[in-house]
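Trainee: There's a structure below that I have some questions on.
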Amino acid sequence: MKDVTETVVVSEEKGHKITILEEWCKGCTICVEVCPTDVLKMKPIGTRWQGTIAVVVDADACIACMQCELQCPDFSILIEKGEKKKKKAAV
Ligand code: SF4
Ligand code: SF4
């Protein structure tokens, strides 16, 4: 099987991991449209038939709602929920 180029971005604040399988992304824009917190946007890439692929622009805004993964028709975006960092108790 051919290797698939992945982009993996992890939210520093929440630890959510967002993986985009670049070769599988067909540039349909669904993930950008369904993301409620503007984590994703389309990036121009001339070698694709749609001319764009999805990229992560604000990983810390991800709330791990899973909508992008559930609605991507090509299974090209994956979300792994991270552990929330516990806030230090005020002394
Ligand atoms: S929904 Fe899937 S195929 Fe469509 S742009 Fe997003 S990652 Fe790419
Ligand atoms: S899991 Fe939700 S908040 Fe995170 S990138 Fe996907 S649609 Fe956006």
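The values are calculated or read from the model by the stated rules, or taken from the named source; none is laboratory data. Here the structure is a predicted model, which means the values were calculated and not measured. When we count neighbours, we look across all protein chains shown, and the Cβ atoms used for this are built from the backbone with ideal geometry, even at glycine.
Trainee: Pick from the stretch 42-59 the residues that are in contact with an Asp or Glu (Cβ under 9 Å, 6 or more places away or on another chain) and more than 10 Å from ligand 1 (Cβ to nearest atom): which of them is modelled with the lowest pLDDT?
Mentor: 45
Trainee: State yes or no: is residue 37 within 7 Å of ligand 1 (Cβ to nearest atom) and among the hydroxyl-bearing types (Ser, Thr, Tyr)?
Mentor: It is false that residue 37 is within 7 Å of ligand 1 (Cβ to nearest atom) and among the hydroxyl-bearing types (Ser, Thr, Tyr).
Trainee: Further question: In the stretch 5-15, which residues are within 22 Å of residue 81 (Cβ to Cβ) and free of Cβ contacts under 8 Å to residues at least 60 places away in the same chain?
Mentor: 6, 7, 8, 9, 12
Trainee: Quick one: which residue in 8, 34 is of a type in the set (Val, Ile, Thr) and out of contact with any strand residue (DSSP E or B) (no Cβ under 7 Å at 6 or more places or on another chain)?
Mentor: The unique qualifying residue is 34.
Trainee: Return the pair list, or none, for Cβ contacts closer than 6 Å from residues in the stretch 16-39 that are under 11 Å from residue 59 (Cα atoms) and of a type in the set (Gly, Ala, Ser) to residues that are part of a strand (DSSP E or B) and more than 7 Å from ligand 1 (Cβ to nearest atom), at least 6 apart or on different chains.
Mentor: none
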